[in-house]
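The values are calculated or read from the model by the stated rules, or taken from the named source; none is laboratory data. These figures come from a predicted structure and were not determined experimentally. Counting neighbours? That spans all protein chains shown, and the Cβs are built from the backbone with ideal geometry, glycine included.
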């Protein structure tokens, strides 16, 4: 194998997808590593975040509002609309409603590093959206599902474990001699830790793609439209109004990626395995979308 491929993020993501689908038998054994792996990715990614981003309260308003609008109004609204017209199965429909209700994928922050987004903007938007999710998520769920089931404590723990603690950890690491070495290999470390996470997520759900291919079709249509379709549209509009390329990338991430793990977990507990299909298929779409982000021209 060409050694340069081992440093290529697109090759690594594709390899993770391929191994998860074809050689996913070990995923059950790596499942327990997903949360700490994401925490480590977040810590490494957060090393590029300036400590000054929290110094001006007024500067927090714009990214936080942008995160809420992109993730809930644009992405969440599109998911709910497509779900209404394309999905007939009540459990799968509930899965899409849960997907619309959860905050953005934690991956928006490391992806912002990988695809040269505005990292400070993405970080503030993600933090603000997770806090707002403590109110917005149960509101959407009660409105569309008619029952109060959401676990705000679980969302708060996700916020602490995958955003707050890594941010604090990154500040501490930056004060140590290790920071220089970590910065040197940070890109490769993020890519290969993501390999583990994606391999596991795909591997534990791979049977769905072989056992229920027809059920997958309308779900896949929605997943592709809300990643590739929305991503392309957001990029066009953002550039048309004169936003910088890094901010455009950040908006594309915030407006296309949901916290699939949280949505799948809620769906499994409340409705059963069928309700996890939207999050599972969307995870695959996210990987393909990430490959596209890495290959697409900047303008």
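Tell me, which residue of the stretch 76-125 that is at pLDDT 90 or above and touching a strand residue (DSSP E or B) at 6+ places or on another chain (Cβ under 7 Å) is surrounded by the fewest Cβ atoms within 10 Å (Cβ to Cβ)?
Top of the filtered list is 104.
Go over the candidates 253, 277, 230, 266 one by one and state the one that is touching a strand residue (DSSP E or B) at 6+ places or on another chain (Cβ under 9 Å) and either part of a helix (DSSP H, G or I) or surrounded by fewer than 24 Cβ atoms within 10 Å (Cβ to Cβ) (or both). Even if it seems obvious, please write down each step before you answer.
Numbers: 277 fails: touching a strand residue (DSSP E or B) at 6+ places or on another chain (Cβ under 9 Å); 230 fails: touching a strand residue (DSSP E or B) at 6+ places or on another chain (Cβ under 9 Å); 266 fails: touching a strand residue (DSSP E or B) at 6+ places or on another chain (Cβ under 9 Å).
The conditions single out 253.
Any chance you could count how many residues in the stretch 246-280 are touching a helix residue (DSSP H, G or I) at 6+ places or on another chain (Cβ under 6 Å) and within 15 Å of residue 97 (Cβ to Cβ)?
Going through the stretch 246-280 one residue at a time, the tally reaches 14.
For residue 70, only one of the following conditions fails: (1) at pLDDT below 95; (2) surrounded by 19 or more Cβ atoms within 10 Å (Cβ to Cβ). What is its number?
In the conditions (1) at pLDDT below 95; (2) surrounded by 19 or more Cβ atoms within 10 Å (Cβ to Cβ), residue 70 misses (1) alone.
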